[in-house]
Amino acid sequence: MQHSLTTLTTLVQEISGAENAMSAMQVIVARLSHIMEVPVCSLYLKSPTRSKLILAATQGLAEPSIGKIKLSIDEGLVGTIAATKHTLNLANAPAHEKYAFFPQAQETPYRQFMGVPLIHLRQLIGVLVVQGTAKKPFSQEAEAFLVTIASQLAGTLYNIQKSGEWITTRKPKRLFKRYSGIAGSAGIGIGELTPLHTHIDLKQAPEMQGAGILKERKQFDSALDSVRDDLDLGANRIEKELPEDILSLFGVYRMMLESPELLDSTRDLIAQGCSAQWAVRETALKLASSFEQADDPYLKARGEDVRNIAIKLMTQMARKEQTESPDKTTPVILAGELISIADLSAYPSDQIQGIICRSGSALSHTSIVANALGIPAIMGVSDLDIKRYKGKQIVIDAGRGEIIIAPPEEMVAEYQRIKDTEQQFNQSLAGLKDLPAVTTDDFHVSLFTNTGLLADVSPGLRNGAEGIGLYRSEIPFMIHDNFPTEEEQYLVYKEVIDAYSPRPVSMRTLDIGGDKQLPYFDFKEENPYLGWRGIRFTLDNTTLQVTQLRAMVRAAHGRENLKILIPMVSRIDEVKTIKELLNQVISELVAEGKQAIMPKLGIMIEVPSVLLLLDKIAPYIDFVSIGSNDLTQYLLAVDRNNPKVSRLFDNLNPAVLSALYFIRKKCAALQLPVSLCGEMAADPASVLLLVAMGFDRLSLSAHRIPKIKWLIRNISRADAKKLLAKVESAEDESEIRKVLNKKLKELGL
Ligand code: PEP
Ligand code: MG
């Protein structure tokens, strides 16, 4: 028998060439029946909605029985395999007590039978069966082969099974299809799917050889001018609809467009004889990947801006910009690999009912603008074939990251009803900006914002943030081609500190290392999450650390709102050293005749060791801020970017909740102010428990503030405490979420 890896390689190639899910599955059964030299190979998949096993593909049974043979879990041999999740290898299948005969399969009752369960991430997807004529069980070698192949194919079959496409292909009654992605901007959108830029795909390399350096250079320069003009025009067109701070994102795009990293490298490649398109793509992919390697989701998202700019430039150069001007009344859902803010400005914003990007994340600029305009957006729907559904009516439920293609009328009507209710709710939040986040029994929670890019500074103020709880200073470092100088850093920090004064601004020192790489300081590590990160990196690069501290302290001159926050602390000596450096910086600045005051010093609680060191560290610091993203990752030993384990990443895991409560009580005893600045602060379910525990400072993305404020203003801490008591006995996060969701539902969220 063939080696399973060789079989798999051939199978994967054949499946990827298959037209649709049905033919992909047919390829699998036909190929396996051939390799295993058996007359029958059948694939049963579990229906995504009902717990039935349905014959999805077969080689050897009657073709019309596909989609018709349905078994309950535990029914027949196939159902038994599904129920027990065990292989059955039988010499005489009809003699088995669970044997069931299906006349519609027109099968010769083959005696030799072997079935293996298909399991992906612990979930049963289906059962793979082979049947033969021999009067003995299949050989051990055949059994090992089928088990191996089944486990290797499970991931692919999981995607097919989940899409439901294999059912809809057989059942014209349910023609609508579902896809899922990441929520970029919550809300429901109903409209016609309108593809954008589908002809430019950064995955496909254009011709590398240029048509002459001068010609290519000219083409690049003129594309640069056109894109620049487009951005200005776009900004003018939606000027009235967007607040100034969001409009400044057009400035960020311009900055990226004109950044030396993009221009110099592209021009260098053109000078070496490459085509302008190739040079743009090559440069952009490199630049984008240095952002995307970052561990920090905010930085990761900047890679998308670079890709967007590259697509715009290449579209200009390819002169294939869509010429059809859209009908100005039909509600549209724009869909593309990436959609730039300039694309949005081509439509009146009330015509755009939604956005779908095959790439991108919740922190992309498209998401930020979509949030500001109140347009639902779903990102990262990599398996959606956009061109195929052009012009189809679709519904997107962006909060759940769900796309429904060609839904029936009743479904559209139901979504419209939910959309109307949501709209009424959001309108009622606008009035909350200047009101405090205080529970009905008078527990006040200060809401701060997380930021890092200058363009993102004012949304916090607009949404009523009481200050900046986390300024991610690595972002200004990412958009330079060298470590920024003290003066360059000073100017950026000053703008932020001035904008928020007298509100407090917690500036975190450089948090890079591991896989949060700077394009100009690349290093590889075996185990980046446990390596040279945050404070470990900056203390080993003392000049860098001192320069940054000087720039921060200088930027706070005349203001008293600066707080300095240290990332990834795991040991007490790190805190002592940073404190010494800070003292040294103050003395030096004073000696230079500059006014400098000691800012408050705090640490991020991200590494679990700090929990057990708090007593010892407390005398050296003024406050702590919990980085719930990293704390959860380290406490649970789960990388949430790894799809194999990401389902285990949950802030509501009882271990994480115990750790948080421990920190809260410990800080109260030590009289140490504590805030929480990870994603958890923006999750309504988590906020119920954080309020109960007594967290009175939360820091979150600006656009999430109104909803969290509404929640806090609509609950009593006494009720929240009851919920906390209830979930304390829960065994796992799903039990906890159930309790909390019930409460959120009661509140109307
Ligand atoms: C965190 O770890 O929760 C945090 C806020 O830091 P970052 O997301 O920047 O790693
Ligand atoms: Mg962190």
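A few points about this structure:
- Scan the stretch 445-475 for residues that are at pLDDT 85 or above and assigned to a loop (DSSP other than H, G, I, E, B) and the total you get is 7.
- Flag if PHE138 is in a strand (DSSP E or B) and either hydrophobic (A, V, I, L, M, F, W, C) or assigned by TED's automatic domain parsing to the domain that holds ASN159 (or both): no
Residues checked against (1) crowded, with 20+ Cβ neighbours inside 10 Å; (2) over 34 Å from the mean Cα position of the chain (by Cα):
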| site | (1), (2) |
| --- | --- |
| LEU544 | no, no |
| LYS563 | yes, no |
| VAL569 | yes, no |
| GLU588 | no, yes |
| GLU592 | no, yes |
| GLN595 | no, yes |
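- Residues of the stretch 71-93 satisfying the condition of being hydrophobic (A, V, I, L, M, F, W, C) and assigned to a loop (DSSP other than H, G, I, E, B): ILE73, ALA91
- Note on the stretch 403-462: among residues that are basic (Lys, Arg) and exposed (fewer than 15 other Cβ atoms within 10 Å of the Cβ), the one that is nearest to SER473 (Cα to Cα) is LYS433.
- Just so you know, in the stretch 58-70 the residues that are of a type outside the set (A, V, I, L, M, F, W, C) and assigned to a loop (DSSP other than H, G, I, E, B) include one that is surrounded by the most Cβ atoms within 10 Å (Cβ to Cβ), and it is GLY60.
This table checks each residue for (1) in contact (Cβ under 8 Å) with a residue 24 or more places away in the chain; (2) more than 24 Å from GLU466 (Cα to Cα).
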| position | (1), (2) |
| --- | --- |
| ILE621 | yes, no |
| THR632 | yes, yes |
| VAL638 | no, yes |
| ALA669 | no, yes |
| GLY694 | yes, no |
| LEU700 | yes, no |
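- Residues in the stretch 485-506 that are of a type in the set (Ser, Thr, Tyr) and either in contact with a Leu (Cβ under 8 Å, 6 or more places away or on another chain) or in a helix (DSSP H, G or I) (or both): TYR490, TYR493, TYR500, SER506.
- Cβ-Cβ contacts under 9 Å between residues 6 or more apart (or on different chains), taken from a first residue in the stretch 203-218 that is surrounded by 14 or more Cβ atoms within 10 Å (Cβ to Cβ) to a second residue that is modelled with pLDDT of 80 or more and of a type in the set (Ser, Thr, Tyr), are listed as PRO206/SER275; MET208/SER275; GLY210/SER275; GLU216/SER275.
- Of all residues making up the stretch 592-642, the number that are more than 15 Å from ligand 1 (Cβ to nearest atom), closer than 20 Å to ASP573 by Cβ and of a type in the set (D, E, K, R): 3
- Filter pass, THR87 being surrounded by 15 or more Cβ atoms within 10 Å (Cβ to Cβ), in contact (Cβ under 8 Å) with a residue 24 or more places away in the chain and within 30 Å of LYS644 (Cβ to Cβ): yes
- When the stretch 495-526 is limited to residues that are among the aromatic types (Phe, Trp, Tyr) and surrounded by fewer than 22 Cβ atoms within 10 Å (Cβ to Cβ), the one that is modelled with the lowest pLDDT turns out to be TYR520.
- Annotation note: of ALA24, ALA30, the sole residue that is assigned to a helix (DSSP H, G or I), modelled with pLDDT of 80 or more, crowded, with 20+ Cβ neighbours inside 10 Å and not β-branched (Val, Ile, Thr) is ALA24.
- Per the listing ARG550, ARG554, the residue uniquely basic (Lys, Arg), touching an Asp or Glu at 6+ places or on another chain (Cβ under 6 Å) and either more than 16 Å from ligand 2 (Cβ to nearest atom) or modelled with pLDDT under 95 (or both) is ARG550.
- Residues being farther than 18 Å from LYS300 by Cβ, at pLDDT 70 or above and either surrounded by fewer than 21 Cβ atoms within 10 Å (Cβ to Cβ) or among the basic types (Lys, Arg) (or both) - total across the stretch 347-372: 4
- Of all residues in the stretch 555-591, those that are more than 20 Å from GLY531 (Cα to Cα) and either away from ligand 1 (no atom under 16 Å from the Cβ) or touching a Cys at 6+ places or on another chain (Cβ under 8 Å) (or both) total 22.
- For LYS600, the conditions (1) crowded, with 16+ Cβ neighbours inside 10 Å; (2) within 16 Å of ligand 2 (Cβ to nearest atom); (3) modelled with pLDDT of 95 or more all hold with the exception of (2).
- Filter pass, THR7 being polar (S, T, N, Q) and modelled with pLDDT of 90 or more: no
- Condition check for ASP630: at pLDDT below 95 and in a helix (DSSP H, G or I): yes
- Residues being in contact with an Asp or Glu (Cβ under 7 Å, 6 or more places away or on another chain), at pLDDT below 90 and of a type in the set (A, V, I, L, M) - total across the stretch 272-293: 1
- Subset of the stretch 70-128 (residues that are charged (D, E, K, R), touching a Pro at 6+ places or on another chain (Cβ under 8 Å) and closer than 18 Å to GLY60 by Cα): ARG111
The values are calculated or read from the model by the stated rules, or taken from the named source; none is laboratory data. This one's a predicted model, so the numbers in the text were calculated from it and none came from an experiment. Neighbour counts are summed over all protein chains in view; Cβ atoms, including those assigned to glycine, are modelled from backbone coordinates with ideal geometry.
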